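In what follows, a structure is listed as structure tokens, so that the remarks can point back to it.
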Amino acid sequence: MKIRTKLILSMSVLLVFILLFLLAVTHIQFYISRDYAYREDKAVFEALRQEFERYYAEHGGSWEQVGAAEFKRTRGFAEVLLYVDGVPLYRQGRLGVDELRNEGYKLAIFSGERKVGRLYVMNDKQYKTYEFKKMWYGILPAIGRASLLFTCAAALLTIFLLSWRLTRPIRRIIQGIEGVKKGARDVSFPVRRKDEFGAISRALRDMNESLANAERARKQLLSDVAHELRTPLMIIQGELELVQETGDTLSPAKQSSILDEVLRLSRLVNEVLDLSKLEAGMNELRPEPENLAALLEDVAEKTRFLAEDKQILLTIHGAEDEILVKAEKPRILQALYNLLTNAVYYTNSGGRIQVSLDREWHPDKHQQYARIRIEDSGVGISAADLPHIFDRFYRADHARARPTGGTGLGLAIAQQNVLVHQGWIDVQSEAGQGSVFTVYLPIHPSSSEPKGKNLHP
């Protein structure tokens, strides 16, 4: 059912309810006015009842000849009816017996404890109210028909204008959604509205922007992967075509070159798959309590030969010999290895890399964290490159040769591995002054207090 139809039905029901409510209020108002008039002149009503009770007592407990009697107190009343055992015995006024019995004010007449009759009365005020009610009920059908016709016409016009105004943002939202389905980039939603339609529009706009960003990231990933794959494939293809044309055998140097490119392709494919799974949350985390100090020593041993080849001084210092974190060992090792090798690549010969491990309390998170600080004296990162260093295939040094450079995925993988462990990586760097990468990982509750020890350099 459309909104316009629902509005028409709702307004029609509301109109009927209003008319019935007015009719009920009018009916009730008469009885309220009638009873209120009694309370205003209660003494006069009670005097009338007492006069009839005296007549009954003075005539030996009988209403004989009451119809011809004169009662002094009746002069202040427009209508008076004495009704006894279903028989009207005294009547003053113009209304019918049944009409007065239904609309008049009731006064019971007693002789001692016994009820001997009932008076139905209306004073002048009550009678005028009754006449107004009767007149109102007489013209009400005509007024009701005219009012209903006019009100329905006005309501239909109001409903049409209101529904058009209410459905206008919905139509714009639907048009925007249709544009998104067709792949349009510039889609308009009524986001400036401050009602629920504006909230929906802003949510749809943000969703559309997220989809557009995801699509751009997908296209960029395909472009980057194709670019990274093309160079080693071209080298392998060229070497093999040369062998095929000349008929010569591959020399050991050529075989080693082709093997290097194959290994580079394999590493690239594996890293792309790893990063895609990490970002999609497809790899289920299986954390165990791990000694971060031992893991850091293990990573240092694996990267030490890279530093020695460039005559870089690599030192590791730890405030303790055991800091436990809840982690999946291969992932943390991969993250630390990528960060250390990255520091080695960007540090010139004769430079230094210092790694430190300690604890740090974060009051905003109500948690103690292990802090791994990797500081190098390398080339540093410019302010323009710093926000992008964790992007896929991004290289801060755009002139780095492919043989000495990585795939551009190492830092992205390191960041994702740390994030899945509820940690994060901070970076501070200045071009020409070196860089500091700081990794924070939540400490396992069972980790012991600091014992104090320096890890060997």
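Here are the numbers for this structure:
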| read-out | value |
| --- | --- |
| Any hit, the range 350-365, residues being surrounded by 16 or more Cβ atoms within 10 Å (Cβ to Cβ) and either in the same structural domain as ALA226 (by TED's automatic domain parsing) or at pLDDT below 85 (or both) | no |
| Leading residue by the ranking (farthest from ASP124 (Cα to Cα)) among those in the range 49-99 that are in contact with a Leu (Cβ under 7 Å, 6 or more places away or on another chain) and in contact (Cβ under 8 Å) with a residue 60 or more places away in the chain | PHE52 |
| Lone qualifier among ILE389, ILE372 - being surrounded by 14 or more Cβ atoms within 10 Å (Cβ to Cβ) and at pLDDT 90 or above | ILE372 |
| Test: residue in the range 116-129 that is out of contact with any helix residue (DSSP H, G or I) (no Cβ under 9 Å at 6 or more places or on another chain) and either assigned to a helix (DSSP H, G or I) or among the polar types (S, T, N, Q) (or both) | yes |
| Flag if TYR55 is within 60 Å of the chain's Cα centre (by Cα), in a helix (DSSP H, G or I) and of a type outside the set (Gly, Ala, Ser) | no |
| Given (1) out of contact with any Pro (no Cβ under 9 Å at 6 or more places or on another chain); (2) of a type in the set (Asp, Glu); (3) modelled with pLDDT under 80, index of the condition GLU261 fails | (1) |
| Test: LEU204 is aliphatic (A, V, I, L, M), modelled with pLDDT of 75 or more and either outside the structural domain of ALA24 (by TED's automatic domain parsing) or farther than 30 Å from VAL25 by Cβ (or both) | yes |
| Residue within the range 304-318 that is assigned to a helix (DSSP H, G or I) and modelled with pLDDT under 85 present | no |
| The range 116-136, subset polar (S, T, N, Q) and under 11 Å from GLU103 (Cα atoms), residue surrounded by the fewest Cβ atoms within 10 Å (Cβ to Cβ) | THR129 |
| Matching residues in the range 66-82 - criterion: being in a helix (DSSP H, G or I) and in contact with a helix residue (DSSP H, G or I) (Cβ under 6 Å, 6 or more places away or on another chain) | ARG73, GLY76 |
| Any hit, the range 435-445, residues being farther than 20 Å from ILE353 by Cβ, modelled with pLDDT under 90 and not in a strand (DSSP E or B) | yes |
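The values are calculated or read from the model by the stated rules, or taken from the named source; none is laboratory data. These numbers come from a predicted model, not from an experiment. We place every Cβ from the backbone using ideal geometry, glycine too, and count neighbours over all the protein chains shown.
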